[in-house]
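Okay, so here's the structure we're looking at.
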Amino acid sequence: MTAPKHDPVVRAFRDTLGMFPTGVTVITARAPSGEPIGLTVSSFNSVSLTPPLVVWSLSGHLPSVPIFENAGVYAINVLAEDQRDLSQRFARRSDDKFAGLDFTEGVDGVPLLPGCSAWFQCRQYARHPGGDHVVFIGEVLRFERDTAKRPLVFQGGAYRRLTDD
Ligand SMILES: Cc1cc2nc3c(=O)[nH]c(=O)nc-3n(C[C@H](O)[C@H](O)[C@H](O)COP(=O)(O)O)c2cc1C
């Protein structure tokens, strides 16, 4: 049996994980209907250079699990420090997270969000069960970055900014 979310040990585990700063991404794909979908994800990281592989994990109870499992291609949009609003928008359940959003399209029409620090377009490489999450490994087909855009940082449950010493 797994511990409930409000369990103090689970809370402490979460808070301790929060000591590890991450970037913030929005992972996008196309539903079978063609509708764009996306959610805010901080569990993104690098895996391998050759072949180029990345990893992220998706909460197993979310309705987008079967969509991402069946998507041939998805995009990892690395948010810039001025994109907290996009992070919040894609972290809330909504029927049209893309309303009024001027996105472009990548491989197979995958939605690419404007103004980001970086983009990774991936095809499915592997998936693994990961407790209450599904672990996705993506093979990077295309990547791009905008060095003028500092990435948004998430740590301890809050957004942070990178500063130089
Ligand atoms: C900074 C941040 C990071 C998040 N990281 C993840 C993550 O790595 N995996 C995940 O499944 N949900 C993550 N979430 C939560 C999802 O964005 C949230 O559950 C979202 O509502 C899911 O989209 P949906 O409601 O359209 O299914 C994160 C939320 C925030 C604010």
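The values are calculated or read from the model by the stated rules, or taken from the named source; none is laboratory data. The structure presented is a predicted model; accordingly, all values stated were derived computationally and were not measured. Quick reminder, even Gly has a Cβ in these numbers, built from the backbone with ideal geometry, and neighbours come from all protein chains shown. Keep in mind that these areas ignore ligands, DNA and RNA; they rest on the heavy atoms of the full protein, side chains included. Shrake-Rupley method; radii C 1.70, N 1.55, O 1.52, S 1.80 Å.
VAL65 - would you say it is touching a residue at least 40 places away in the same chain (Cβ under 8 Å), among the β-branched types (Val, Ile, Thr) and more than 28 Å from ALA158 (Cα to Cα)? No: the conditions fail for VAL65.
Evaluated against (1) closer than 19 Å to ILE137 by Cα; (2) open to solvent by less than 20 Å² (accessible area, probe 1.4 Å), GLY18 falls short on exactly one condition, (1). Sort out which residues of the range 69-90 are near the ligand (Cβ under 10 Å from one of its atoms) and open to solvent by less than 20 Å² (accessible area, probe 1.4 Å), and write them in order of number. Hits for the range 69-90 are LEU79, SER87, PHE90. When PRO51 is tested against (1) over 23 Å from LEU112 (Cα atoms); (2) in contact with an Asp or Glu (Cβ under 9 Å, 6 or more places away or on another chain), exactly one condition is not met: (1).
Please determine, by comparing only the residues of the range 123-156 that are closer than 19 Å to ASP15 by Cα and in contact with an Asp or Glu (Cβ under 8 Å, 6 or more places away or on another chain), which one is surrounded by the fewest Cβ atoms within 10 Å (Cβ to Cβ). Once the filter is applied, the top-ranked residue is GLY156. The number of residues in the range 91-137 that are within 15 Å of the ligand (Cβ to nearest atom), touching a residue at least 60 places away in the same chain (Cβ under 8 Å), aliphatic (A, V, I, L, M) and out of contact with any helix residue (DSSP H, G or I) (no Cβ under 8 Å at 6 or more places or on another chain) comes to 2. Whether any residue in the range 58-78 is in a strand (DSSP E or B) and farther than 18 Å from PHE143 by Cβ is what I want to check. Checked against the condition, which is being in a strand (DSSP E or B) and farther than 18 Å from PHE143 by Cβ, the range 58-78 yields at least one hit.
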